[in-house]
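Report on the structure given below.
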Amino acid sequence: MKLSTTIGSAIIIACGSAAYAGAVVDLAPSQFTGGLSGIMNTQMEELRGATLVDYYQDFSITGEGDRGESALYEGTLMTRIVRSNQTGNLHFNYRFMAGNDQLEGMISRIEVSGYDGFQTRVEFRNELTSPGDSGPNSAERSLDGDMLNFDFGTDLATGEESRFFFAMVDTDTYYADAATATIYLQNGESVSLSIYGANPAVPTPGALGLLSAAGLISVRRRR
């Protein structure tokens with residue numbers, strides 16, 4: 001996803017004007033928080049909303065082993081976009097799922113771009129009914145504000161699924177434009193998933209826009 005505060009090609013991004021409070025972390029550019037501990041929607045009414053889209057991307061990460069290059073991790077990244085019932089603004093939820101427990105790779109962290117110019121608040125969901133085993137324990141935002149880094153440390157074991165972890169933004173419309181999600185394993189191997197374009201299938205207040213993904217770039221690199 002690419003969130004933008006500029007006007008371009010007749011795409012206008014409208015920012016919300018509600019007050020923002022609650023048990024989530026307001027992560028400004030260049031800030032780090034090691035205090036992610038999870039939240040339930042009963043603790044914060046703003047979290048409740050309507051799902052606009054669920055999108056699933058299968059991915060694999062390869063690396064060098066005793067027998068040459070082989071798969072280290074295989075799984076699925078789920079992206080769920082939700083509109084808050086209270087504010088009308090958007091929440092971008094992510095989740096790792098369907099990991100192949102026959103492989104040895106363990107997810108360490110994920111970097112997601114597209115947050116430049118927006119107030120961005122982060123946490124993960126930990127209701128008893130929420131799927132998944134672990135949420136990230138820390139989050140960091142790049143100096144320019146565009147990139148979020150969610151770090152699981154060593155908590156997400158091979159074959160386990162993550163809780164939904166999310167970024168709440170202060171806008172009710174958006175335009176998807178060349179964002180990436182880069183997933184890292186404990187040994188530093190990674191893969192980047194690319195997201196492009198806008199899909200006008202679902203209306204949003206004041207505009208039409210829906211995140212869509214076209215293609216997966218399997219890029220392996222080391223930290």
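The values are calculated or read from the model by the stated rules, or taken from the named source; none is laboratory data. These numbers come from a predicted model, not from an experiment. Because the Cβ atoms are built from the backbone with ideal geometry, glycine has one as well, and the counts that use them run over all protein chains shown.
Observations, loosely collected:
- Restricting segment 78-97 to residues that are modelled with pLDDT under 95, under 22 Å from residue 137 (Cβ atoms) and of a type in the set (A, V, I, L, M, F, W, C), the residue that is surrounded by the most Cβ atoms within 10 Å (Cβ to Cβ): 92
- Note on segment 6-60: among residues that are part of a strand (DSSP E or B) and at pLDDT below 50, the one that is farthest from the chain's Cα centre (by Cα) is 8.
- Pairs linking a residue in segment 117-130 that is part of a strand (DSSP E or B) to a residue that is of a type in the set (Ser, Thr, Tyr), with Cβ atoms under 7 Å and 6 or more positions apart or on different chains, are 121/20.
- Residue 92 vs. criteria touching a Leu at 6+ places or on another chain (Cβ under 7 Å) and in a strand (DSSP E or B): no
- Condition met for residue 139 (farther than 18 Å from residue 25 by Cβ, assigned to a strand (DSSP E or B) and modelled with pLDDT of 55 or more): no
- The set of residues in segment 138-157 that are buried (at least 18 other Cβ atoms within 10 Å of the Cβ) and out of contact with any Asp or Glu (no Cβ under 6 Å at 6 or more places or on another chain) comprises 139, 140, 141, 148, 150, 151, 152, 156.
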